[in-house]
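The values are calculated or read from the model by the stated rules, or taken from the named source; none is laboratory data. All figures in this text were calculated on a predicted structure; none of them were measured in a lab. Note: ideal-geometry Cβ built from the backbone for every residue, glycine included; neighbour counts use all protein chains shown.
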Amino acid sequence: MDLSELLKIGDREKKQQKSIRVHCCTSTGCQAANSLSVKNNLANAVQELGLSDRVEVVGVGCMGFCGRGPLVQIDPEDILYEVVTPEEAPSIIDALSGGVAKPIQGNSQHPFFARQMRIVRQHTGKVDPERIEEYIAVGGYQSLYKVLYEMTPAEVVSEISKSGLRGRGGGGYPTGLKWATVAKMPGDQKYVICNGDEGDPGAFMDRSVLESDPHLVLEGMVIAGYAVGANHGYIYVRAEYPLAIQRLQKAIQQAKKYGILGSQIFESPFDFKIDIRIGAGAFVCGEETALIQSIEGKRGNPVPRPPYPAESGLWKCPTLINNVETLANVATIIHQGADWYASIGTENSKGTKIFALTGKIRNNGLIEVPMGISLREIVEEMGGGVPDGEVKAVQTGGPSGGCIPASMLDIPVDYDSLSKIGSMMGSGGMVVMDRATSMVEVAQFYMQFCREESCGKCVPCRAGTVQLYSLLDKILNKQGTQADLEKLETLCHMVKKTSLCGLGISAPNPILSTLRYFPEEYQELIPAESLNGKVRHGSS
Amino acid sequence: MSVKTLTINNTPVAAEEGKTILEAAKEAGIHIPTLCFLEGVSTVAACRMCLVEIEGINKLLPACVTQVTEAIVVHTNTPKLQEYRRMVIELLFAEGNHVCSICVANGNCELQNLAIEVGMDHTRFPYRFPKRSVDVSHPQFGIDRNRCILCTRCVRVCGEIEGAHVWDVAQRGADAYIVSGLSQPWSEVEACTSCGKCVDACPTGAIFRKGTTTAEKQRDRAKLQFLVDAREKHEWTR
């Protein structure tokens, strides 16, 4: 297949598409709210009303406003319906020929949508993730073609470097530098791994990308493979994401059929195949060295770095490992150019970031915003604030991140600003907490998570998280002393400094950040009699 | 092969390229405490006892896996490191059921020795008193998981020197434990050759010879090194 054939597939697809497209979300969130029945009833109504010549119902990926699903959106008028029930669904089709639609009509001009900037999610909610033709029709795989025929691998690497893209899994390592390292490593066999082992509580950005636009990730992987000189890629997805796995499988099959994956891609000398590996439910397998062990069929335990995977990774070969969202940026950077991408965001954080906005907030869901937007804009304008209350804190970065107090909401959301105040960008979980939330309980929740997800290999993480959890338990039960608070902090620093992998190193962050910004909440839990360090029953 | 020069605790040291900081320090007569490290088997850097400070590097690095590089300045015994090491030992004592006075390894236990070395007279963390299993089904040996510190030396000697791979780690976090075979009683694991290397490797009294009682555990640690040397360097005499 060459470029003209690719364009022809796109044109044919565009011609086939009806003038009115009714998009019904079929992602996991909306499916759980019965969106498949909604979609069926919509399609039946189109048949019954004889509108098949100009109306089609398309199952699409996530539209983002997950708290108000199932969502139905109609193009080209851009009408949005929220919380659509299967019973009310036919009235939406009826409304297309003069009737009245019963479901609640959403406001697509609401800041929740209007303030977004969609790069990774540009096609989601518009294309059917199960049909490669729809992806091709919106310009898909043209970047890959361009890369294979117009650019050298070194040019691709330098384009990604110039774009300023940084790892979206949380660490924020410069993507171009990682690519350059793998590209420059000697060796015939190299690998590309896509890390889809998203596990932070409250985070579902990668799931949504994989479910809604799997080809975008595949295209990014193949480009990465070409750039670093790898011919084999693995997508590591957690088993808890069955729909993402199913759609990825379908996407890989379809791409193979068109000669976009496999041998001699686009009839060039470049080969690249992609396999899926399914995680068995351990959070720590999102850590890159543990993930590699898991792909190799071993117990998913982290191993010390260096050597970094770029040097010695999967089966001791140089391995590029990038997060789903990072790879999903690649095709657009190639298409629009590094300068365009670098013009978005702040000085050291370029492009956009997807956040899963959850917790005590009016508008729950996924948003993609340019870096540098203030936390206040996200929480108050886009999220609509806390229903009947006030924001107390925003937790970013999941169990590795920290709690940002309401007084700091004007902070710009970028890698450096967030880590400066003791939190982190993380993979994109953003949990809003209101005044009624106990920050010590929040810290304990995350510590419980880390305690249960520690692999048990290194002592500080295995035994330290257990002790940190029980110290918090003691404090929450009003049995704690001032000495316990000091012990808590000392142990936090020890676990942070001595743990083997990122899980242990960042596990104390939720405690440290709440100790820093909400010390009064800890103090309130310490009985007054024990202020001198003695326990209540110990004093005579 | 080139030689790197570095400084460990203000002492200039020369070491061959590829050597670890631990090896370089040992050669120079500088002691770095270790626990999961065992000569002759792979390194896992799990116990964190051998963490050292390297000037200009923000992270503490495990000496057992970190290779020497030119001109690095290493500190192995700063007050911070002493404090962390003591805490590691405290955490280990609080985590399991370590009662020296009734243990086969009393007086011959690496955990006990390290506790003395780091000056741990008590643990500031409450004892967890976990309920762990004991397997004495094997005719010659027994494993008391209450005394296990999950250093995985047994897993490594069995897999890498004996080639039997009887042991592995099951579960995770605080629930992790050393499992025999496919979670079978030790005596039913056909892969076990009853070689006893795991007894020799175990730093505590977790794996022991039956018939030994309090403070009677002896190890033939030199045997492991002898086997590795015989295999790799063809040195057949002990």
field: The lone exception for A:LYS39 - which of (1) touching a residue at least 60 places away in the same chain (Cβ under 8 Å); (2) closer than 30 Å to A:GLY359 by Cβ; (3) among the charged types (D, E, K, R) it fails
entry: (1)
message: Among the numbered criteria (1) crowded, with 24+ Cβ neighbours inside 10 Å; (2) among the hydrophobic types (A, V, I, L, M, F, W, C); (3) more than 28 Å from A:ILE252 (Cα to Cα), which one does A:LEU51 miss?
response: (1)
message: Here is a list: A:GLY176, A:GLY187, A:GLY199, A:GLY170. Which entry is modelled with pLDDT of 95 or more and of a type in the set (Gly, Ala, Ser)?
response: A:GLY176
- request: Only one of these is crowded, with 24+ Cβ neighbours inside 10 Å, touching a strand residue (DSSP E or B) at 6+ places or on another chain (Cβ under 8 Å) and not assigned by TED's automatic domain parsing to the domain that holds A:LEU165: A:GLY389, A:GLY397, A:GLY385. Name it.
  value: A:GLY397
message: One residue is enough: does region A:257-266 have a residue meeting the conditions in a loop (DSSP other than H, G, I, E, B), within 25 Å of the chain's Cα centre (by Cα), within 14 Å of another protein chain (Cβ to nearest Cβ) and not polar (S, T, N, Q)?
response: no
task: Could you please give the count of residues in region A:448-499 that are of a type in the set (D, E, K, R) and more than 9 Å from every other protein chain (Cβ to nearest Cβ)?
output: 6
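Could you pull out the residue among A:GLU287, A:GLU296 that is more than 28 Å from A:LEU148 (Cβ to Cβ), crowded, with 19+ Cβ neighbours inside 10 Å and acidic (Asp, Glu)?
A:GLU287
Yes/no per residue for (1) farther than 18 Å from A:GLY300 by Cβ; (2) of a type in the set (Asp, Glu); (3) at pLDDT 95 or above:
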{"site": "B:ASP135", "(1), (2), (3)": "yes, yes, yes"}
{"site": "B:PHE141", "(1), (2), (3)": "yes, no, yes"}
{"site": "B:ASN146", "(1), (2), (3)": "yes, no, yes"}
{"site": "B:LEU150", "(1), (2), (3)": "no, no, yes"}
{"site": "B:CYS154", "(1), (2), (3)": "yes, no, yes"}
{"site": "B:ILE161", "(1), (2), (3)": "yes, no, no"}
{"site": "B:TYR177", "(1), (2), (3)": "no, no, yes"}
{"site": "B:VAL189", "(1), (2), (3)": "yes, no, yes"}
{"site": "B:CYS198", "(1), (2), (3)": "yes, no, yes"}
query: How many residues does region B:160-182 contain that are more than 14 Å from every other protein chain (Cβ to nearest Cβ), assigned to a loop (DSSP other than H, G, I, E, B) and not hydrophobic (A, V, I, L, M, F, W, C)?
result: 2
- prompt: Of all residues in region B:14-64, which are touching a strand residue (DSSP E or B) at 6+ places or on another chain (Cβ under 6 Å), assigned to a loop (DSSP other than H, G, I, E, B) and within 8 Å of chain A (Cβ to nearest Cβ)?
  reply: B:ALA45, B:LEU60
- prompt: What number of residues within region A:460-504 satisfy the criterion of being of a type in the set (D, E, K, R) and either within 17 Å of A:PRO304 (Cβ to Cβ) or crowded, with 24+ Cβ neighbours inside 10 Å (or both)?
  reply: 3
Top-ranked residue of region B:93-128 - restricted to ones that are within 12 Å of another protein chain (Cβ to nearest Cβ) and among the hydrophobic types (A, V, I, L, M, F, W, C), ranked as surrounded by the fewest Cβ atoms within 10 Å (Cβ to Cβ): B:ALA94
message: Criterion first (within 13 Å of another protein chain (Cβ to nearest Cβ) and closer than 14 Å to A:THR319 by Cβ) does A:VAL284 satisfy it?
response: no
